[in-house]
Amino acid sequence: MLYFWLLILGHGLADFIFQTDGISAAKCKNKWQGYARHGLAVFICTFAAIHFYGWKSALLAAGLVTAAHLALDWLKNAGRTLFSKILKREVRAGMPGLLFDQALHLLSLLWVWRLLDRPVDTAVAGFYSGVLSPLGQFSGAEKVVSGLAVYTLVAFGGAVLIRFALDQVFPPGYIDDSPGKEVAAGKYIGILERILILTLTVTGNISAIGIVFAAKSIARFNELSKKQFAEYYLVGTLLSFLLALAGGMALVQIWALITS
């Protein structure tokens, strides 16, 4: 399943790291620039991930994944526009829509994997042999790639998922808008928090997770006196912890299946 995990890793990088808010906003407005920039990111990330299987296979895989990805994004935006016209109000993207969208992307990656999976290209493996063990011959390659894929989805994809979930639970303006720098800092704190919890989970140190929660609460101690912020903070933090724990436990099971 190394080929599939590489596809997942490429998807996570393109969708949750290299897709900026500006690109996402442009796509939501059906601007071709948004689709073009995101499509380029998907193509490059997929090609880079799959190039170990030969450049022809990588080009075909990247082309299929990019086409499917952009088609799904366009259909999603077209459906949202249609529902907005029918309901005569703006339909915002919610967490169920995000999960359904990612499930469809996952199905498209499964299709590409089943269609194009093959052994690692010997010429490419030989090229890398002077720097590192040839991918696919290195016994831990699948564990490393699957770990990188899960970490990317949990840490960076989790930021998007939690933001959608909070928007679903709390109405707009529920808490006072924070300055941009504070919002960005909170996002990166959450990313680091999930990476740390995921690492503690896969290494069997779940009991140490309480220290992370305590440290985060101390940093926000003054703001927690406000009821609305405390509720917002608690829901977001618990969602982040739950996602990281689930990702860690899933990764432990994935690694067990790989080594069995």
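Every number here is computed from the coordinates shown, using simple stated rules; none is lab data. Bear in mind the structure is a predicted one, so any value in this text is a computation, not a measurement. Glycine gets a Cβ as well: all are built from the backbone with ideal geometry, and neighbour counts include every protein chain shown.
Annotations for the structure displayed:
- At an R0 of 25 angstrom, the distance between the Cβ atoms of Ala78 and Lys187 translates into a FRET efficiency of 0.30.
- The angle between the Cα long axis of helix 95-116 and the main principal axis of the chain comes to about 0°, on a 0 to 90 degree scale.
- Using the Karplus relation 6.51 cos²θ - 1.76 cosθ + 1.60 with θ = phi - 60°, the per-residue 3J(HN,Hα) values for region 156-168 come to 8, x, x, 4, 5, 4, 5, 4, 5, 5, 5, 5, 6 Hz, with x marking Gly and Pro.
- Our summary gives the chain a relative contact order of 22 percent, counting only alpha carbon pairs under 8 angstrom and 6 or more residues apart.
- Distance (nanometres) between label positions extended 7 Å along Cα→Cβ at Lys56 and Asn30: 4.0 nm
- Positive dipole terminus of the chain, leading residue within Ile254, Gly190, Ile175 (C-beta point charges): Ile175
- Over 18 Å between alpha carbons, listed pairs Lys31/Lys76; Lys29/Lys187; Lys29/Lys85; Lys27/Lys76: Lys29/Lys187
- Taken over the chain, the ratio of Cα radius of gyration to 2.2 N^0.38 Å equals 1.11.
- Computed extension length for Lys226-Asn205: 4.3 nm, one decimal, from 0.36 nm per residue of separation with the Cα-Cα distance subtracted.
- Efficiency of FRET between Arg163 and Ala123 - r from beta-carbon atoms, R0 51 angstrom, step 0.05: 0.70
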